[in-house]
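So the structure is just underneath, and the comments pick up after that.
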Amino acid sequence: MTTRTAVRSAWFAPTLRGYDRAWLGRDVVAGLSAGAVVVPQAMAYATIADLPVQVGLYTCMAPMVVYALLGGSRAMSVSTTSTIATLTATTFVAADVAANADDAPRALATLTLIVGVVLVLARLLSLGSLVENINKATLAGVQIGVGATVAVGQLPKLLGLTDDPTGRGFIRSLVAVVEAVPRANGPTVVLSVLSIAVLLLLRRFAPHFPAPLVVVAGGIIASAALHLTDVGVEVIPAVPNGLPMPAVPDLTLVPGLLPGALGIATMAFLESAAVARGIRARSEPQIDSDRELLATAVANLAGSVTQSLPAAGGFSQSAVNQRAGARSQLSTLVTAALAVLVALVLGPVLALMPTATLAALVVTAVVGLIDIAELRRMARISRRDFWLAVLTAVVGLTAGLLGAVLVGVLGTYVLILRELQRVRFVPGAVVGRSVSARVDGDVYTANVLGYENAAIEVAESSAGVDALVLDLSRMRAATVTILDALRDLDQELEQRGVTLILVGLDGPAADTASRSNWFRGLVGQHRVFPSVEAAQGARRDVS
């Protein structure tokens with residue numbers, strides 16, 4: 001096998017290479033178990049975005065297959081999540097698109113395509129690790145906003161309120177629902193309470209059991225046997241039999257959808273990376289951020305032509321997949337095959353499902369996102385992280401989830417920039433007429449001026465010295481900006497009668513510096529040494 005062929009094979013279906021036939025039974029069972037969760041859950045998530053339930057079903061097809069062929073996680077199941085569905089709804093509202101059934105497929109195809117393109121560009125720029133710098137406080141705040149917003153948005157369906165009194169935004173929606181409670185439909189409320197109770201009890205006492213499947217089957221059976229529609233219980237619209245027809249994106253919608261797509265792309269990768277790392281067994285290979293970025297990107301590109309919601313790894317179905325013994329992404333291919341079977345055969349049966357049943361699935365899934373215990377832990381450990389999470393959540397509940405994502409991301413990078421600006425500079429002892437100092441941290445454009453000023457201060461505060469021996473052994477990389485700053489430092493010290501001597505520069509930093517005329521001049525003047533001791537010894541010899 002040539003090197004080029006080996007590289008290609010390493011990227012294609014990594015979890016299926018060297019497949020052991022003994023894994024087949026476990027993978028099939030795991031795929032069916034995950035399908036029992038992910039198919040009804042994805043259909044429920046489609047309703048969050050005010051899209052037909054079959055859109056959720058379609059999201060369990062092409063994106064899953066693509067991730068199975070490109071992704072590095074053995075057990076992660078990729079369809080969509082409550083966060084992504086909510087951001088999709090927010091994006092459509094902000095862009096004022098998808099107002100009717102005719103516009104919805106093209107608007108969805110356009111949004112999912114933009115998300116895929118953004119992720120592809122991020123992969124080409126190797127931004128996988130950069131995106132992962134967004135801290136847990138930001139994610140916690142966004143998830144609280146998602147959980148509370150979605151839960152309130154599902155209350156009319158749980159109460160059987162046919163006029164959907166929710167307004168735009170969390171506060172107004174909550175007030176509208178409270179005012180409409182007297183008009184609730186009694187049988188719908190009973191069904192909702194029973195559905196939520198079954199989901200919570202099975203999650204508590206039988207966590208390995210496919211609770212969503214039980215609730216969906218129970219709702220369908222109750223609807224058919226008890227003729228619940230006769231007493232005012234709404235059912236979902238008819239689910240068309242067949243596979244999704246290709247949808248052509250509407251490029252005129254790109255400007256309006258782009259801001260939301262950026263937020264969705266960020267959250268899609270963050271959620272996928274978090275799930276992949278969270279369920280990885282110790283015996284499995286490390287998760288490669290750039291591989292996951294590419295797999296998520298291509299999954300979204302595939303979904304854009306098959307009427308799919310933006311795709312991301314979901315924790316609940318992935319956890320079911322893992323607990324059922326999934327050994328490879330063959331389990332996900334089984335789940336996708338199950339979704340295809342449902343689309344081809346079970347459409348009329350699904351049309352009997354009460355709307356309240358899907359709402360119960362959504363509410364029990366998203367309430368878990370409101371992690372008060374995690375907030376308390378942040379408050380105990382880091383007030384800074386706690387207040388960032390609170391600020392992000394408040395923005396999400398008042399100004400919208402896209403605003404929360406933006407505030408959280410900007411807040412994270414403000415903290416990162418502050419950390420990058422920190423100067424870790426260790427003054428050394430005066431030996432003869434030279435004083436040493438060590439750069440004890442990484443040097444970036446953001447902090448190089450701080451290091452320059454710190455070095456000048458050491459030289460000025462050391463009486464009687466005529467040389468500063470600067471230890472750069474901790475500096476792993478050099479840029480033009482950094483080299484220019486060192487040259488400026490050399491000139492500033494020269495004006496003060498102090499000679500700059502560099503020591504410890506090695507590896508890529510030394511290779512880059514060697515291309516600079518100024519640095520080569522230092523070498524020619526014997527002002528570059530491997531260590532502080534060598535530099536001070538050379539000065540003693542000269543004197």
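The values are calculated or read from the model by the stated rules, or taken from the named source; none is laboratory data. Computed from a predicted model, the values in this text were never measured in an experiment. Quick reminder, even Gly has a Cβ in these numbers, built from the backbone with ideal geometry, and neighbours come from all protein chains shown.
List of remarks:
- Residue within the range 404-413 that is closer than 30 Å to Ala68 by Cβ, in the same structural domain as Ala140 (by TED's automatic domain parsing) and among the β-branched types (Val, Ile, Thr) present: yes
- Thr306 being at pLDDT 90 or above and of a type in the set (Ser, Thr, Tyr): yes
- Residue in the range 75-89 that is in a helix (DSSP H, G or I), under 30 Å from Leu420 (Cβ atoms) and among the aliphatic types (A, V, I, L, M) present: yes
- Single unsatisfied condition, Asn241 versus (1) of a type in the set (S, T, N, Q); (2) buried (at least 20 other Cβ atoms within 10 Å of the Cβ); (3) not in a helix (DSSP H, G or I): (2)
- Which numbered condition Ala217 misses (of (1) assigned to a loop (DSSP other than H, G, I, E, B); (2) free of Cβ contacts under 8 Å to residues at least 60 places away in the same chain): (1)
- Counted as qualifying within the range 1-64 are the helices (runs of 4 or more DSSP H) with 3 or more residues that are at pLDDT below 85 and within 30 Å of Val152 (Cβ to Cβ), namely 24-48.
- Failed item, numbered, when Val65 is tested on (1) farther than 18 Å from Val305 by Cα; (2) surrounded by fewer than 24 Cβ atoms within 10 Å (Cβ to Cβ); (3) of a type outside the set (Phe, Trp, Tyr): (1)
- Number of residues in the range 397-415 that are surrounded by 17 or more Cβ atoms within 10 Å (Cβ to Cβ), under 17 Å from the mean Cα position of the chain (by Cα) and either not β-branched (Val, Ile, Thr) or not in a helix (DSSP H, G or I) (or both): the value is 7.
- Test: residue in the range 421-437 that is under 25 Å from the mean Cα position of the chain (by Cα) and surrounded by fewer than 23 Cβ atoms within 10 Å (Cβ to Cβ): no
- Per the conditions (1) under 27 Å from Lys157 (Cα atoms); (2) outside any loop (DSSP other than H, G, I, E, B), the sole criterion not satisfied by Leu352 is (2).
- A Cβ distance below 6 Å, combined with a sequence gap of six or more or placement on separate chains, defines the contacts here; from the range 151-173, residues that are under 14 Å from Ser195 (Cβ atoms) reach residues that are surrounded by 14 or more Cβ atoms within 10 Å (Cβ to Cβ) and at pLDDT below 80 in the pairs Gln154/Val362.
- Exactly one residue among Ala337, Ala261, Ala247, Ala312 is at pLDDT 85 or above and closer than 13 Å to Ser79 by Cα, and that residue is Ala312.
Here is a yes/no grid of residues against (1) outside any loop (DSSP other than H, G, I, E, B); (2) modelled with pLDDT of 85 or more:
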residue	(1), (2)
Ala94	yes, no
Val97	no, no
Val118	yes, yes
Arg123	yes, yes
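- Criterion applied to Ser331, Ser308, Ser283 was being part of a loop (DSSP other than H, G, I, E, B), assigned by TED's automatic domain parsing to the domain that holds Asp250, surrounded by 23 or more Cβ atoms within 10 Å (Cβ to Cβ) and of a type in the set (S, T, N, Q), and the one residue passing it is Ser308.
- The lone exception for Ser195 - which of (1) at pLDDT below 90; (2) surrounded by 14 or more Cβ atoms within 10 Å (Cβ to Cβ); (3) on the phi < 0 side of the Ramachandran plot it fails: (1)
- Taking the numbered list (1) part of a helix (DSSP H, G or I); (2) exposed (fewer than 13 other Cβ atoms within 10 Å of the Cβ) in turn, Ala176 passes all entries but (2).
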